[in-house]
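Novice: Please read through the structure below; I'll follow up with questions.
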Amino acid sequence: MDVDELLMPIIGLQCTLLAVFLVVAFPHTLWVWLSFLLVVIGTVFTIGWAVAPRDSEAG
């Protein structure tokens with residue numbers, strides 16, 4: 001795997017971890033809504049990486 005191939009799941013993981021931090025650090029505030037948005041963004045990045053076509057050439 002190339003570093004570029006791992007960029008999308010890393011972004012997805014970072015968004016999810018930031019969302020968890022925001023919910024724990026600032027419960028019952030507007031930051032919780034931002035965390036939901038971050039989870040959605042992280043999910044889109046991770047699913048996009050999972051379904052992206054792979055270069056199958058061994059080279």
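The values are calculated or read from the model by the stated rules, or taken from the named source; none is laboratory data. Since we're looking at a predicted model, the values are computed, not measured. Please note that ligands, DNA and RNA were not included when accessible areas were found on the heavy atoms of the full protein model with its side chains. Shrake-Rupley method; radii C 1.70, N 1.55, O 1.52, S 1.80 Å.
Novice: Can you pull out every residue in region 14-56 that is part of a helix (DSSP H, G or I) and open to solvent by 100 Å² or more (accessible area, probe 1.4 Å)?
Specialist: Q14, L17, F21, V24, W31, W33, F36, V51
Novice: If you don't mind, another one. For V40, indicate whether it is modelled with pLDDT of 90 or more and under 10 Å from the mean Cα position of the chain (by Cα).
Specialist: Judged against the criteria, V40 is a match.
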